[in-house]
Amino acid sequence: SITLSWNAIANTTRYNIYRSTSPNSGFTYIGYAQPYNTICSDPNLTPNTTYYYYVVAVRNGQPEVKSNTASAKTLEDVKLNLSATANGYKSISLSWNYVANTSRYNIYRSTSPNSGFSHIGYATTNSVTYTDTKVNPSTTYYYYVVATRNNNDPEIKSNTASATTAKKCTHKALTLKAKTG
C-alpha cells in the first residue's frame, strides 16, 4: 500500500484522489476523502511499481484546488523464507533466499518467540547461510534475518524461524577392576 497526505484547504467538501502509473497521463479517479481527513491509504497495489497521485479539493461554490503530483514506489514482494535446523547440541544452521541489492544480512536471535531479540552476527551478500555456534544444549532459539539494502531500498525482514538443540549426552566412566584370587 501507499499512504498519501496533504494539507487542508478551507471550505472543502471532499478531496478527490487520482492515480496513474505514468507521471503525465492516464490518471483515474480512485476515491475520495472527507473534508476533515487529509490522509488516506491506497491498498492492494502491485509490488515494485511506481504510482503517481494528485488530489483535488472540491470546494463550496469556489474553484477546485488541484495538488501537485506526488509519487511513491511500492515495496518488492520479496520473502527471505528463513529456515533453522539444529545440528545436534552444538550449533544451529540458518538459510534464506537471496535478495538483490543487499549489502548484508543481519542475524537476530532470542530464546523467546516474541521479544528479546539481539543482533548476533551477519552474512555477506555472497552467502545466504549462517551457523550459530554459541548455543546451549536442550534450548529452543528463535531467529530472524534483516536484509540491509543498497540505494536507499527498504530493509526486508524475514519470518521468524526456530530450532531446538539436542540434549547433550553424558556418559559415566566405565571403571574396570581386577582382583587376584
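The table that follows gives values for the structure above.
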{"quantity": "Qualifying residue in segment 68-87 (condition: basic (Lys, Arg), out of contact with any helix residue (DSSP H, G or I) (no Cβ under 6 Å at 6 or more places or on another chain) and at pLDDT 95 or above)", "calculated": "no"}
{"quantity": "Test: LYS66 is of a type in the set (Lys, Arg) and either more than 21 Å from ASN16 (Cα to Cα) or open to solvent by less than 50 Å² (accessible area, probe 1.4 Å) (or both)", "calculated": "no"}
{"quantity": "Selection within segment 61-112 - within 16 Å of the chain's Cα centre (by Cα), closer than 17 Å to ALA161 by Cβ and not in a strand (DSSP E or B)", "calculated": "VAL78, LYS79, LEU80, ASN81, LEU82, TRP96, ASN97, TYR98, VAL99"}
{"quantity": "Which numbered condition SER127 fails, given (1) within 27 Å of THR74 (Cα to Cα); (2) touching a residue at least 24 places away in the same chain (Cβ under 8 Å); (3) out of contact with any strand residue (DSSP E or B) (no Cβ under 7 Å at 6 or more places or on another chain); (4) not aliphatic (A, V, I, L, M)", "calculated": "(2)"}
{"quantity": "Residue that is surrounded by the most Cβ atoms within 10 Å (Cβ to Cβ) [pool: residues in segment 113-141 that are among the aliphatic types (A, V, I, L, M) and assigned to a strand (DSSP E or B)]", "calculated": "ALA123"}
{"quantity": "Filter result for TYR144 (assigned to a strand (DSSP E or B), at pLDDT 85 or above and open to solvent by 50 Å² or more (accessible area, probe 1.4 Å))", "calculated": "no"}
{"quantity": "Tabulated pairs, segment 55-76, first free of Cβ contacts under 8 Å to residues at least 12 places away in the same chain, second assigned to a strand (DSSP E or B) and open to solvent by less than 70 Å² (accessible area, probe 1.4 Å), C-beta under 7 angstrom, 6+ apart or interchain", "calculated": "GLU64/VAL56; GLU64/ALA57; GLU64/VAL58"}
{"quantity": "Residue, nearest to THR69 (Cα to Cα), within segment 1-17, restricted to residues that are open to solvent by 70 Å² or more (accessible area, probe 1.4 Å) and in a strand (DSSP E or B)", "calculated": "SER5"}
{"quantity": "Qualifying residues in segment 147-179 (those that are assigned to a loop (DSSP other than H, G, I, E, B) and surrounded by 16 or more Cβ atoms within 10 Å (Cβ to Cβ)) - the one modelled with the lowest pLDDT", "calculated": "ASP153"}
{"quantity": "Which listed residue, of SER110, SER20, SER93, SER41, is at negative phi, in contact with a strand residue (DSSP E or B) (Cβ under 7 Å, 6 or more places away or on another chain), in contact (Cβ under 8 Å) with a residue 24 or more places away in the chain and open to solvent by 40 Å² or more (accessible area, probe 1.4 Å)", "calculated": "SER41"}
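The values are calculated or read from the model by the stated rules, or taken from the named source; none is laboratory data. The structure displayed is predicted, hence computed values, not measured ones. No Cβ is skipped: glycine too gets one built from the backbone with ideal geometry, and neighbour counts run over all protein chains shown. Note: accessible area is taken over every heavy atom of the protein model, side chains too, but ligands, DNA and RNA are not part of it. Shrake-Rupley method; radii C 1.70, N 1.55, O 1.52, S 1.80 Å.
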